[in-house]
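The values are calculated or read from the model by the stated rules, or taken from the named source; none is laboratory data. Worth saying up front: this structure is predicted, and the values here are computed from it rather than measured. Because the Cβ atoms are built from the backbone with ideal geometry, glycine has one as well, and the counts that use them run over all protein chains shown.
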Amino acid sequence: MTQPQGALLVGSVNYDDAETTIRTAAEVLGTRLRRIPDGEVGKRFHWIMFQPDVLGEAEGIERIGDEPVPFPAGIDARPLRIGEGVDAAGIRLPALGYADAAIESYAIFTRLRGEGVVPEGTRFQVSLPTPVAVVTSFFFRDDRAAIAPVYTAALRRELDGILAAIPHDDLAIQWDVASEMGVIEAAPAFGRVMDVWWEGDPFPGLVAQLAELIDAVPVDVEVGVHLCYGDVAEKHFFEPTDAGNLVRYANAVVAASGRELTWLHLPVPIERDDDAYFAPLADLAYGGELYLGLVHREDAAAGAEKRIAVAQRYVPEFGVATECGIGRAPAGTTEGILRTHAEVALPW
């Protein structure tokens, strides 16, 4: 077995602030990382769970239920609906929070690079959810179809704000793609949520939407895709039989995109070090940076090396990552997870 080259931090990291995330990632992983995120700290700690608090402030959108549903970090987890008689097309959503967070963290990133902590040439990574994730998670029935273009436009404004504020040669955008995999796999948690968006098979629509998001990123900005099966209490919402649907979706999105994808991340469940899971990777039609999420906290380097050995039978060149973000990993385990990346992967 040869060591993989390079590592990717998927997005969330279990530190309290962006400076600790960036500083620790740079010190532990150095030139194994081509890009560093801010760890999705603060209200983004639980991925998209803060979005209902933001969207609920818009005129024409209501929270469902009279009492807040408590969630960690003071988040109100009540879902949303469009008010009776409200034309969704006329709803103006407030700033979603992603651009403001990116701009604030980028200032920290550049300061640390200026101090020599972050290696020169390393880009600042910003992870964004897809509209499918937010709309399917917090809206119901026909409201999904109505609010989807409104939320998509708001997310594109966030992207535009990031692109305007951060130099393009310093920036990398990652699209986090989890709910789409639930729909493709027909996971019970997702039911038939997409029927109100597309008639029949949702797969072509899911491909087209993700390709449009990739193409919205200018060619002088790096863009990546993180495919995911969720991370609630370090558990997936669906356990895939193998990597077949990941490969099928990735191949279709790459073919449909007008620009090149800079990197692609595919998850690997901890219990899968068998040929059956990895065999579909032989059909992956993608020649850019590939990262396999085969680093797991529970079995560290020894487990990662088992999965690496099997994966290399089907795809010889890839870097390493965790299968999802590590923001919800137990306190005190984060640096150990980062060091596992360094143990099993070579620098660029």
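So here's what we get for this one:
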item	result
Considering residues of the stretch 296-340 that are in a helix (DSSP H, G or I) and β-branched (V, I, T) only, the residue nearest to W47 (Cα to Cα)	T334
Single match in E67, E62 (criterion: surrounded by fewer than 20 Cβ atoms within 10 Å (Cβ to Cβ), at pLDDT below 95, charged (D, E, K, R) and more than 23 Å from the chain's Cα centre (by Cα))	E67
Complete set of residues in the stretch 48-80 that are in a strand (DSSP E or B) and either free of Cβ contacts under 8 Å to residues at least 24 places away in the same chain or in contact with a Lys or Arg (Cβ under 8 Å, 6 or more places away or on another chain) (or both)	I61, E62, R63, P70, I75, D76, L80
Of residues in the stretch 161-217 being charged (D, E, K, R) and part of a helix (DSSP H, G or I), the one modelled with the lowest pLDDT	D195
Filter result (more than 20 Å from E335 (Cα to Cα) and free of Cβ contacts under 8 Å to residues at least 12 places away in the same chain) within the stretch 268-313	E271, G287
Scan of the stretch 7-47 for residues that are among the polar types (S, T, N, Q), surrounded by 24 or more Cβ atoms within 10 Å (Cβ to Cβ) and either over 17 Å from V295 (Cα atoms) or free of Cβ contacts under 8 Å to residues at least 24 places away in the same chain (or both), ordered by number	T21
Every residue from the stretch 126-171 that is among the small types (G, A, S) and more than 16 Å from the chain's Cα centre (by Cα)	A145, A146, A148, A153, A154, G161, A164, A165
In the stretch 218-241, the residues that are within 15 Å of H265 (Cα to Cα) and either modelled with pLDDT of 95 or more or outside any loop (DSSP other than H, G, I, E, B) (or both)	E222, V223, G224, V225, H226, L227
Flag if S12 is under 17 Å from L171 (Cβ atoms), small (G, A, S) and either in contact with a Cys (Cβ under 9 Å, 6 or more places away or on another chain) or at pLDDT 95 or above (or both)	no
Candidates A25, A95, filtered to the one that is at negative phi, assigned to a loop (DSSP other than H, G, I, E, B) and either at pLDDT below 95 or not β-branched (V, I, T) (or both)	A95
Matching residues, the stretch 281-295, being of a type outside the set (D, E), surrounded by fewer than 20 Cβ atoms within 10 Å (Cβ to Cβ) and either part of a helix (DSSP H, G or I) or touching a Gly at 6+ places or on another chain (Cβ under 8 Å) (or both)	A282
